[in-house]
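Each remark here refers to the structure printed beneath this line.
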Amino acid sequence: MFPKIKRKSEKDIKYPAVAEIKLDGELVMWDGYTGKLINSYGNEKYADKSKLPTECRLWGELFYGTGTNFYSEYQSHQKSKDLKVVFFDLLNIGKECLYPKQPYKVRRMMLEEVTDLHIPSIAVEPGDISVLLDKTVAKGYEGLVVKPVMSYSFESWVKLKRKATCKLYITGIRKKTSGYYKRGESKHSLAVGTPEHRYGCVSFIGWENLILPLIGGKGFTGEDKDYWYIKPEVKLEIEYQMLTPNNHLRNPFIKRILDPREEIQLPERGK
């Protein structure tokens, strides 16, 4: 029942609408009846629960710091008291079921009455949304979630993000390690970067027939517990969301295979 937003284009927005900052966090649900904060996998998460409301259920985001770099900090801070939670929707309160029986406008008003730990909501017009998105991304946030005020479910919400591109070498192939596959299946990802720095991994599902023959004849240069490394010759253009503080690509996707004569283009901070 956790929200999963599929619409990702400005043309999908139904007005009147409000926009809320998309934090880089972990989706959670607060159960004020049992005192449990759980994620979408059913795992209980740490947070200061002493200030959270009772006798209600809410959707929220668990985040660290300003809410811009949660996953790059997650391993070192997942048990920290610096983890915070904010809420963006109210499922029910007392014996009253609100989602999806009441429109978002009503649920939002009641959410603000239940707790002050909520993401700010900004009324937007069609001409405002692109400018607001640019300003939000420039501050380091992922983007915006735009919600029609009369929407009854999250299926009409729209997630907006800005994308950038870079051009990097394939430097290795990820092995089947326990942290990166489920049910015995490989994640099918490539290490990408330069000889000096690995910018992360990108999935090559759907590109196998094009990419594997190209890298199959490249020189094997070594391995470790996570990767087989190859001579950096094949180049990819990669679309990504942002560059994390440790210089890794966030949400990368292969856009195309480059001509060998094309120059490498490194990802830039803030893009």
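The values are calculated or read from the model by the stated rules, or taken from the named source; none is laboratory data. Just so it is clear, the structure is predicted and the values come from calculations on it, not from any experiment. Here Cβ is always computed from backbone atoms with ideal geometry, including for glycine, and neighbour counts include all displayed protein chains.
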Among the residues listed as Tyr33, Tyr15, the single one being under 19 Å from Ser121 (Cβ atoms) and not β-branched (Val, Ile, Thr):
Tyr15
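Looking only at the stretch 214-247, how many residues end up being farther than 18 Å from Gly143 by Cα, outside any strand (DSSP E or B) and either touching a residue at least 60 places away in the same chain (Cβ under 8 Å) or of a type in the set (S, T, N, Q) (or both)?
So the first thing to find is which residues in the stretch 214-247 are farther than 18 Å from Gly143 by Cα, and the list is 214-238, 246-247.
After this cut, where a residue has to be outside any strand (DSSP E or B) as well, the list is 214-219, 224-226, 231-234, 246-247.
Checking the rest, the ones that are also either touching a residue at least 60 places away in the same chain (Cβ under 8 Å) or of a type in the set (S, T, N, Q) (or both) come to 232-234, 246-247.
Looking only at that region, the number is 5.
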Selection from the stretch 157-188 of residues within 30 Å of Thr136 (Cβ to Cβ) and at pLDDT 90 or above yields Trp157, Val158, Lys159, Leu160, Thr165, Cys166, Lys167, Leu168
Return yes when Glu262 is surrounded by fewer than 19 Cβ atoms within 10 Å (Cβ to Cβ), of a type in the set (D, E, K, R), in a loop (DSSP other than H, G, I, E, B) and not assigned by TED's automatic domain parsing to the domain that holds Lys139 and no when it is not.
yes
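If you take the residues in the stretch 116-161 that are aromatic (Phe, Trp, Tyr) and touching a Pro at 6+ places or on another chain (Cβ under 6 Å), which one is farthest from Lys4 (Cα to Cα)?
Step one: of the stretch 116-161, the residues aromatic (Phe, Trp, Tyr) are 141, 152, 154, 157.
Add one more test, that the residue is touching a Pro at 6+ places or on another chain (Cβ under 6 Å), and what stays is 152, 154.
Values: Tyr152: 14, Phe154: 7 Å.
Checking each candidate, the answer is Tyr152.
Show me the helices (runs of 4 or more DSSP H) entirely contained within the stretch 38-143 in which 3 or more residues are modelled with pLDDT of 90 or more and under 20 Å from the mean Cα position of the chain (by Cα). Write out each step before concluding.
On the way: elements: 70-77, 104-114, 129-138.
Fully inside the stretch 38-143 and qualifying: 129-138.
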